[in-house]
1. In percent, how large is the relative contact order of region 375-419, given Cα pairs closer than 8 Å and 6 or more residues apart?
2. Determine the per residue accessible area of region 1-111 with all protein chains present and a 1.4 angstrom probe, expressed in square angstrom.
3. Could you sort Met124, Met270, Met18 by accessible area so the largest value comes first, with the probe set to 1.4 Å?
4. Using Cα centres only, tell me the gap between region 1-36 and region 338-391 in whole Å.
5. Taking all protein chains together and a probe of 1.4 Å, list Cys342, Cys308 from the most accessible to the least accessible.
6. Counting only heavy atoms of the protein chains, get the accessible area per residue of region 299-395 (1.4 Å probe) and round it to a whole Å² value.
7. Hey, if you drop one equal point scatterer on each alpha-carbon of region 1-124 and run the Debye formula without solvent, what base-10 log of I(q)/I(0) do you get at q = 0.12, 0.17, 0.21, 0.22 Å⁻¹?
8. Have a look at region 303-444 and give its Rg and Dmax from the Cα atoms, expressed in angstrom.
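The values are calculated or read from the model by the stated rules, or taken from the named source; none is laboratory data. In this text, all values refer to a predicted model and were calculated from it rather than measured experimentally. As a convention, Cβ positions derive from the backbone with ideal geometry for all residues, glycine included, and neighbour counts pool all protein chains shown. The area values use the complete protein model at the heavy-atom level, side chains included, leaving out ligands, DNA and RNA. Shrake-Rupley method; radii C 1.70, N 1.55, O 1.52, S 1.80 Å.
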Amino acid sequence: MKKWFKHPLAYVAIILAMVCGLIFVLAAVPGFNKLPSGTQNLRVVVLDQDQSSVSKNIATHLENKLPFKMVTATSLANAKRQLNTRQAALIIQIDKGFYQRVTRGQAPKLTYTVNQSNGLLQNMVTKNVTTQVTTQVASQLTTAKVTQMLAQSAGKALMQKQQAVAKQQVKQQLQASLAKSPQLAQQPAQLKKLQQQAIARVKRQQQQRLMPQVKKQAAATAATLTGQVATTTTKLHALPTNYQYQFAPMFLNLGAYLGIMLMSLVLTLMFMSARHVIGKWSALLAVQLNGFIGVLVAPLVTLGTLRCLISFSSSAFWQLFGVQVLFGLAVFEFTLAIAILCGGLPSMILQLPLLVSQVVASGAIIPRPALNGFYRWLSTHTPMPQGVYSTFNALYGGANSGYTSALWWLISLSLLAVILIGWLGYRSTKTNPLSRLVPFTAGN
């Protein structure tokens, strides 16, 4: 027993356990430090199709009360484009006829449009927002401000109906004034002034006479305001209620990333040994071919298994296959560059925290706008988030928004890094302990 604990590997095992736990805590927990306040960065589009005084007041009230980035859209097509590209999280549409339904005592209509092809937290937040908006609008409909708007509208309507009577009264008053002073007909300036005075007098008399009717009509309309709102939710891209579908993109890409990372590590160890036997560039070419074969074969197995668990079409399968091959190539070149740079096994000190950080930044749990600056940067410059969003698009729908081009850039830059590291860093002809971990001889 004493000999056992004298062996250094016994203590290396303990250190590995501590380091792995430390890496996961340091890499994952800080990613949640902007929650729940970070969800305020989500964009909510308000589309007022009614353009009445009441609907404008409702839109302004929502912008002031809801803790989100409220933006307005000029058209439904523009709003849906923002939603489809994940620039916006929700569309609140104040339907045409909103004001008319309010004045008739009917429940006015709101339409919510959501894109469910997103991570869990974003879908939960948008669902809660729709509940908040409905409550806010319902309470706003019974306020004194809305009642006052209804009174003003009723007053304008009554005044318009009395325009003919008002014109006749102005005409009569002018005729009476001219009868008393005929010389005014020869004085245009005085006549115009007299006409303006007559219009103002008639308007004042009408307001005094019609005010009781306005108040009565406004009170009757206000009494019909029930504070009820009819809502409809339209799903741009719908997700099945089963949570298997929600988490499939994250675990599919997490498993692929982890498997390819381990493959790149093993191939790096083989490269470090084989370059002394078959030559550096032949070994590096063999690594690339081996990795490419792995990237092609692995998705066929994982996607076939996934299709046994959740339902998706054959076209979605092949679209997913293309996404996974592209994602796999990006992950392979990305992790291979780090592995070759750090000499194989030591690269795990960088690879593990990068993997955990990418899971947080992937968008499968926390939406990209709710992340802090560091994780938001990771979400646009590392493979995992691009793969997760692309998988959401392939399975459930959504616009590309640069995910594919980001993966191609990662492949190109990482491959260039691999070549440069191999050229500059592996010039020694002597083997070292790391290169002997995976023996490679001419007989192999």
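1. So the answer I get is 36 percent.
2. About 58 Å² of surface per residue is accessible.
3. Largest accessible area first, the residues go Met18, Met124, Met270.
4. 20 Å
5. Largest accessible area first, the residues go Cys308, Cys342.
6. Solvent-accessible surface per residue comes out at 33 Å².
7. -0.61, -0.93, -1.17, -1.22
8. According to the Cα coordinates of region 303-444, Rg and Dmax are 18.1, 55 Å.
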